[in-house]
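Student: My questions will all concern the structure given below.
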Amino acid sequence: MDSHDPAADAIAFIGGGNMARSLIGGLLCRGADPRRIRVAEPVAALREALAADFGVQVFEHGADAVQGAGLWLLAVKPQMMRVACEPLAAAAQSLRPLVVSIAAGIPVARLQEWLGGGLPVVRCMPNTPALLGAGVTGLFAGEGVDEAQRARAGELLSSAGATVWVDAEPLVDAVTAVSGSGPAYVFLLAEAMEAAAVAEGLPAEDARTLVVHTLLGAGRMLAEAGDPPAELRRKVTSPGGTTQAAIEAFQAGGFEALVARAVHAARERGAALAAATGP
């Protein structure tokens, strides 16, 4: 790997759950050395799976995992973040790592407080397609993060897919609502489409194939065609045709307003989680 690879120095993951697995998988797909990835995970079965699946170093306690690591990636559930961070404060003040958090709703200031203060913290929100190298991550650099650290955090998360930097921390909650939670919205749509296809008489296996590849192909068109979604929709919607009938049914049911309410509800939940971490 070249000298700019963020995995050239040891990275400590605090938490070895699904999102950590996704990011580790993305890193390894980009050629990271598994020996330079250290993971703290209290659940023995998860530790064993991480070691077996990825060849990374695993530890029961965070204090052991962070030794020698210049970048700490905090990947525990938001409600467990304080419990995970406070025992690491002494090590954090000694090692002065770059801290990257992927926990929804935990502000930079709170993370700095729990780790003893004065550390460079990047708050970010990836999503689960990172496991395939097809994720997208929104990032916010807290006060004290220099350009080199910002670049390192960006390179680390770009190993899992595209990245978007936001300039104001509250916008991380909007990122969470759109892309962090977004895969579940697509899966919900897929569930509904498959059920509808079966209701129309198609065998379940055929329905799944049709739905999966329709969504996959539509996603590629969005990424590769260069046209905005409204234009792509217009091109496939012939006046008076079958697609127009379906679109009109969606719109009659308030589809756009429902999506807007759903995204707003997710953003509000992120903000509520942040408020709940206060003193």
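Student: Among 110, 123, which is surrounded by 15 or more Cβ atoms within 10 Å (Cβ to Cβ), touching a residue at least 24 places away in the same chain (Cβ under 8 Å), in the same structural domain as residue 28 (by TED's automatic domain parsing) and out of contact with any Leu (no Cβ under 8 Å at 6 or more places or on another chain)?
Tutor: Unique residue meeting the criteria: 110.
Student: Just checking, which of 154, 142, 161 is in the same structural domain as residue 12 (by TED's automatic domain parsing), touching a strand residue (DSSP E or B) at 6+ places or on another chain (Cβ under 9 Å) and under 19 Å from residue 273 (Cα atoms)?
Tutor: Step by step, each of 154, 142, 161 is checked, and only 142 is in the same structural domain as residue 12 (by TED's automatic domain parsing), touching a strand residue (DSSP E or B) at 6+ places or on another chain (Cβ under 9 Å) and under 19 Å from residue 273 (Cα atoms).
Student: Shifting gears a bit: Please list, ordered by first then second residue, the pairs with beta carbon atoms under 8 Å, 6 or more apart or interchain, first in the range 222-251 and of a type in the set (D, E, K, R), second in a helix (DSSP H, G or I) and surrounded by fewer than 10 Cβ atoms within 10 Å (Cβ to Cβ).
Tutor: Every condition considered, no pair remains.
Student: Filter the range 143-201 down to the residues that are without any contact (Cβ under 8 Å) to a residue 40 or more places away in the chain and among the basic types (Lys, Arg) and list them by number.
Tutor: If the condition is that a residue be without any contact (Cβ under 8 Å) to a residue 40 or more places away in the chain and among the basic types (Lys, Arg), then 150 is the only one that fits.
Student: Another question about this same structure. For the condition more than 20 Å from the chain's Cα centre (by Cα) and among the acidic types (Asp, Glu), what is the one hit in 41, 60?
Tutor: Exactly one residue qualifies, and that residue is 60.
Student: What is the number of the single condition among (1) touching a helix residue (DSSP H, G or I) at 6+ places or on another chain (Cβ under 6 Å); (2) under 22 Å from residue 142 (Cβ atoms) that residue 93 does not meet?
Tutor: Checking residue 93 against (1) touching a helix residue (DSSP H, G or I) at 6+ places or on another chain (Cβ under 6 Å); (2) under 22 Å from residue 142 (Cβ atoms), the one that fails is (1).
Student: Restricting to the range 54-88, what's the tally of residues that are surrounded by 16 or more Cβ atoms within 10 Å (Cβ to Cβ), in contact (Cβ under 8 Å) with a residue 24 or more places away in the chain and farther than 29 Å from residue 275 by Cβ?
Tutor: Qualifying residue count for the region: 6.
Student: Related question: Name the single residue, out of those in the range 26-53 being modelled with pLDDT under 85 and assigned to a helix (DSSP H, G or I), that is surrounded by the most Cβ atoms within 10 Å (Cβ to Cβ).
Tutor: Here the answer is 27.
Student: So residue 29 clears everything in (1) more than 21 Å from residue 81 (Cβ to Cβ); (2) of a type in the set (A, V, I, L, M, F, W, C); (3) free of Cβ contacts under 8 Å to residues at least 40 places away in the same chain except one condition, right? Which one?
Tutor: Every condition holds for residue 29 apart from (3).
Student: Being at pLDDT 95 or above and out of contact with any strand residue (DSSP E or B) (no Cβ under 9 Å at 6 or more places or on another chain) is the requirement here; does residue 8 meet it?
Tutor: no
The values are calculated or read from the model by the stated rules, or taken from the named source; none is laboratory data. Predicted model only: the values in this text are computed from it and were never measured. Because the Cβ atoms are built from the backbone with ideal geometry, glycine has one as well, and the counts that use them run over all protein chains shown.
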